[in-house]
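Working notes, structure below.
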Amino acid sequence: MKFKILHIVGARPQFVKLYPLHKELCVKGIYQKILHTGQHFDEKMSGIFFKQLGIPTPDYNLDIHSLPHGAMTGRMIEEIEKILVEIKPTHVIVYGDTNSTLAGTIAASKISDIEIVHIEAGVRNYDNTMPEEINRIVTDRLSHKLLCCTDKCVQNLKSEGLSNAVNTGDLMYDSMLLFRDKLEIDNKSKPYVLVTCHRASNTSAEVLREIVEALNIISTDHMDVIFPIHPRTRKIIDLLDIEIKFKLVEPVSYFDMLTLLANCEYVLTDSGGVVREAYFFNKLSLLLLKSPLWPELVEANVCINTDVTKNCIVDNFNKLLENKIYFKEGLLGDGNSRTHIVNNILC
Ligand code: UD1
């Protein structure tokens with residue numbers, strides 16, 4: 001068999017990226033298997049994505065989660081290695097910047113004749129205190145094919161001496177386009193700001209208190225705040241003795257998230273995925289991180305970065321309200337990333 005592909009996924013955003021690529025490889029009749037590390041494990045964070053997106057049940061599920069970074073990554077490497085030895089894939093595809101990405105890459109790099117394909121390569125925000133930044137750097141260094149969402153990501157890798165990078169666009173754009181026509185547009189409800197927040201740096205009690213206080217100010221009689229809350233954030237918020245004047249809801253499915261994005265006024269997030277999805281729906285976003293993850297969006301004036309203090313969040317949100325801009329298309333590819341990626345892998 002010329003191509004034997006193993007996708008390694010584990011967290012919510014990776015299921016969204018796996019969906020269009022898996023579909024396209026199916027069309028081409030390529031042999032592929034799915035390994036789920038178990039990093040995101042419950043129905044709301046994992047199961048529902050497979051059901052809604054029609055992705056087959058993973059061939060392997062390691063059920064490794066809720067551990068510190070080192071222990072989680074270490075256990076994953078050990079278990080992934082066993083599966084790689086058993087099935088001998090020609091290609092391992094890893095996505096993004098999670099601990100599952102890192103574990104898959106390290107395990108595959110120790111076995112000869114496996115080509116490692118990194119989807120969403122070259123993202124940098126030059127902050128080594130973020131676990132995701134470490135995962136990105138190591139994954140890029142060890143991967144054979146570096147497939148980037150933008151030219152800037154290609155440049156980032158070139159400046160690190162990695163010349164095997166190409167821009168194949170953003171698979172998240174493909175996924176959104178494949179679902180867009182099924183979304184219900186609601187013009188009648190009260191306007192709202194859609195919020196997500198889960199980064200380690202934003203989920204200490206001190207920082208989360210600042211975020212909640214800012215959201216209490218942003219939520220008014222004229223503007224709701226809707227916050228589907230990540231389990232990590234929920235655990236900490238439940239411990240804060242603080243009044244919450246906005247809508248905290250359980251994590252939502254992919255389809256419900258797209259519907260919320262389509263109907264919101266603004267997006268406030270610390271997610272590199274949600275900030276791109278905001279752009280796909282022509283929504284201005286405030287990124288709860290000091291340094292930009294997607295400078296292309298900041299330069300195009302559709303996203304503002306903010307320090308994560310109450311005053312900075314509110315001030316920058318007010319700047320966003322004044323921002324009347326034209327959304328330039330194509331900053332994250334042409335919506336046909338799956339074809340570009342498959343062509344690159346099969347060539
Ligand atoms: C991870 C990724 C991040 C990605 C994000 C998407 C790393 C280092 N970070 O962060 O890049 O943007 O996923 O969501 O890999 N939990 C549950 N139920 C679940 C899943 C998780 O309760 O279904 C809990 C875990 O037990 C843990 C917390 O949520 O206490 C955080 O999970 P973790 O695996 O660290 O990943 P994320 O913070 O989601």
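The values are calculated or read from the model by the stated rules, or taken from the named source; none is laboratory data. Since we're looking at a predicted model, the values are computed, not measured. For accessibility, only protein heavy atoms count, side chains too; no ligands or nucleic acids. Shrake-Rupley method; radii C 1.70, N 1.55, O 1.52, S 1.80 Å.
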> Do the sum for the chain: with -39,500 (n - 2.57) for every DSSP H run of n ≥ 4, divided by all residues, what is the mean residue ellipticity at 222 nm, to the nearest 500 deg cm²/dmol?
Replying inline: -13000 deg cm²/dmol
> Is the shape of segment 96-162 best called rounded, prolate or oblate, per the rule: a/c under 1.5 gives rounded, else a/b larger than b/c gives prolate, else oblate, with a ≥ b ≥ c the square roots of the Cα gyration tensor eigenvalues?
Replying inline: oblate
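Assign one of three labels to segment 207-250, namely rounded, prolate or oblate, based on the Cα gyration tensor with a ≥ b ≥ c the square roots of its eigenvalues; rounded applies when a/c is under 1.5, prolate when it is not and a/b is larger than b/c, and oblate otherwise. It would help to have the intermediate numbers written out before the result.
Details: a/c = 2.30, a/b = 1.45, b/c = 1.58.
It comes out oblate by the Cα gyration axes.
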> Using alpha carbons only, what's the Rg to Rh ratio of segment 34-158 with Rh from Kirkwood?
Replying inline: 0.96
> Carbon-plus-sulfur fraction of the accessible area of segment 1-57, 1.4 Å probe, in percent?
Replying inline: 56 percent
> So what's the angle, to the nearest 10 degrees on a 0 to 90 scale, between helix 337-346 and the longest Cα principal axis of the chain?
Replying inline: 20 degrees
> How much length is gained on full extension from N282 to I244, taking 0.36 nm per residue of separation minus their Cα-Cα distance?
Replying inline: 10.8 nm
>> Using only Cα atoms and rounding to the nearest 10 degrees, what angle (0 to 90) does helix 69-87 make with the longest principal axis of the chain?
In response: 30 degrees
>> Test of understanding: in a Gaussian network model of the chain with alpha carbons linked when under 10 Å, which of I218, I87, I34 would top the mean-square fluctuation ranking?
In response: I87
>> Compute a Gaussian network model of the chain, connecting alpha carbons closer than 10 Å, and tell me which residue from D42, D63, D224 fluctuates the most.
In response: D42
>> How much accessible area per residue does the chain have, counting only protein heavy atoms and a probe of 1.4 Å, in square angstrom?
In response: 43 Å²
> Dividing the Cα radius of gyration by the Kirkwood radius, what Rg/Rh value follows for segment 134-211?
Replying inline: 1.13
> Which entries in the list K17/K145; K23/K82; K182/K283 go over 21 Å, if you measure between the two C-alpha atoms of each?
Replying inline: K23/K82
> Got the relative contact order for segment 218-271 handy, in percent, Cα pairs under 8 Å and 6 or more residues apart?
Replying inline: 36 percent
> For segment 280-347, what % of the accessible area comes from carbon and sulfur atoms, probe 1.4 Å?
Replying inline: 48 percent
>> Over segment 162-283, what is the relative contact order in percent, taking alpha-carbon pairs closer than 8 angstrom and at least six residues apart?
In response: 35 percent
> Cα extents of segment 200-337 along the three principal axes, largest first, in whole Å?
Replying inline: 45, 31, 31
>> Given a 10 angstrom Cα cut-off, can you work out which residue in I116, I242, I211 is the most mobile in a GNM of the chain?
In response: I242
> In percent, what relative contact order does the chain have, based on Cα pairs under 8 Å that are 6 or more apart in sequence?
Replying inline: 16 percent
